[in-house]
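Colleague: The structure that follows is given in the form of structure tokens.
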Amino acid sequence: MTFKEWMRHTGLSPSTISKYESAINGVLTAWAIDNKLVEGSLNSITSKTQFELIASKIHKLPIYKERNERGHHMYSSALIKYAEYLTEDYGSDIESDIEFIINDSSINTTEKNILIKSRIGQGLFRQKLIGYWDGCSVTSFKDTNLLIASHIKPWKDSSDIERLDVFNGLLLLPNLDRVFDTGLITFAEDGLIKISPQLTEPAKLGIKADMRLSLTSEHEIYMIFHRKFVYCETQQIVAATE
């Protein structure tokens, strides 16, 4: 399934599909090539980890920052959507992801250790979250073997310090982690869950409108980012059948 076909399958409007596909295959690829981040088109990348590492470098480019702000964050949305596509449409290859991290000379040793341990579900960040939350951040479910360490401000947008900050993380059941990571839920300043209109039948996932968690002012710094740049605030317009 191509990126375009996948977007159509998820219900994006024709205009949005066209914008995202053009962004990935056009200017975002051009900026990445011009700055020697890739040698070919971004749509040739099939590893989510590899793509997110490259995307994090694109985010730092002055031309990207200027054009993304002027374009109401359309380019950042396209990058997020392509990362979602890689997660949905391709089985993630852990070995190739780790090999890519090890061989990337632009990543320092500290960041490599963080990325590798994060990729295999271990490391200091997870340990900190278990110590802080002592169970699922939302449901208080106690078996930490079944819980996922989830960044509030996405890893690709965070600094080395933020990636290890216990206040930038939630410990979540897999169903909650998935919808939080993709922006289908977020949490208000008072900790009450916000459910995106794009999430259909949340009750079937065990997600209820009265769910909440206990947030501090330190969490709120990261949650503001999640609400603004990750959370899907509006209902998607379903494309007409062709």
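The values are calculated or read from the model by the stated rules, or taken from the named source; none is laboratory data. Since we're looking at a predicted model, the values are computed, not measured. Ideal geometry is used to build each Cβ from the backbone, glycine not excepted, and the neighbour counts take in all protein chains shown.
Colleague: Checking the conditions here, which among Val166, Val230, Val238 is surrounded by fewer than 15 Cβ atoms within 10 Å (Cβ to Cβ), β-branched (Val, Ile, Thr) and modelled with pLDDT under 95?
Modeller: Just one listed residue meets the conditions, Val238.
Colleague: Going by the conditions given, is Ser150 in a loop (DSSP other than H, G, I, E, B) and either crowded, with 19+ Cβ neighbours inside 10 Å or modelled with pLDDT under 95 (or both)?
Modeller: On the way: in a loop (DSSP other than H, G, I, E, B): no; either crowded, with 19+ Cβ neighbours inside 10 Å or modelled with pLDDT under 95 (or both): yes.
No: the conditions fail for Ser150.
Colleague: Answer yes or no as to whether Lys36 is at pLDDT 80 or above and either in contact with a helix residue (DSSP H, G or I) (Cβ under 9 Å, 6 or more places away or on another chain) or surrounded by 15 or more Cβ atoms within 10 Å (Cβ to Cβ) (or both).
Modeller: Details: at pLDDT 80 or above: yes; either in contact with a helix residue (DSSP H, G or I) (Cβ under 9 Å, 6 or more places away or on another chain) or surrounded by 15 or more Cβ atoms within 10 Å (Cβ to Cβ) (or both): no.
Judged against the criteria, Lys36 is not a match.
Colleague: What number of residues in region 117-147 are surrounded by 17 or more Cβ atoms within 10 Å (Cβ to Cβ), modelled with pLDDT under 85 and outside any helix (DSSP H, G or I)?
Modeller: Of the residues in that region, 1 qualify.
Colleague: Six or more apart or on different chains, Cβ under 6 Å: which pairs go from a residue in region 32-45 that's assigned by TED's automatic domain parsing to the domain that holds Lys57 and under 16 Å from Tyr75 (Cα atoms) to one that's in a helix (DSSP H, G or I) and of a type in the set (Val, Ile, Thr)? Could you list them?
Modeller: Matching pairs, first to second residue: Ala32/Ile58; Ser41/Thr29; Leu42/Ile24; Leu42/Thr29; Asn43/Ile24.
Colleague: Which pairs have Cβ atoms under 7 Å, sit 6 or more apart or on different chains, and link a residue in region 57-72 that is touching a residue at least 60 places away in the same chain (Cβ under 8 Å) to one that is acidic (Asp, Glu)?
Modeller: His59/Asp157
Colleague: Still on this model: Under 23 Å from Ile130 (Cβ atoms), among the polar types (S, T, N, Q), part of a loop (DSSP other than H, G, I, E, B) and in contact with a His (Cβ under 8 Å, 6 or more places away or on another chain) - does that describe any residue in region 211-220?
Modeller: Of the residues in region 211-220, the ones under 23 Å from Ile130 (Cβ atoms) are 211-220.
Subsequent filtering for residues that are among the polar types (S, T, N, Q) retains 214, 216-217.
Checking which are part of a loop (DSSP other than H, G, I, E, B) leaves us with 214, 216.
Keeping just the survivors that are in contact with a His (Cβ under 8 Å, 6 or more places away or on another chain) gives none.
Scanning region 211-220, I find no residue that is under 23 Å from Ile130 (Cβ atoms), among the polar types (S, T, N, Q), part of a loop (DSSP other than H, G, I, E, B) and in contact with a His (Cβ under 8 Å, 6 or more places away or on another chain), so the answer is no.
Colleague: Evaluate the following for Leu184: is it aliphatic (A, V, I, L, M), in contact with a Cys (Cβ under 8 Å, 6 or more places away or on another chain) and farther than 20 Å from Leu129 by Cα? Steps first, please.
Modeller: On the way: aliphatic (A, V, I, L, M): yes; in contact with a Cys (Cβ under 8 Å, 6 or more places away or on another chain): yes; farther than 20 Å from Leu129 by Cα: yes.
In short, yes.
Colleague: Okay, next question. So, in region 39-62, how many residues would count as being loosely packed, with under 14 Cβ neighbours inside 10 Å and modelled with pLDDT of 90 or more? Even if it seems obvious, please write down each step before you answer.
Modeller: Quick first cut of region 39-62, residues loosely packed, with under 14 Cβ neighbours inside 10 Å only: 39-40, 44, 60, 62.
Filter again for modelled with pLDDT of 90 or more, leaving 60, 62.
Residues flagged as loosely packed, with under 14 Cβ neighbours inside 10 Å and modelled with pLDDT of 90 or more within region 39-62 amount to 2.
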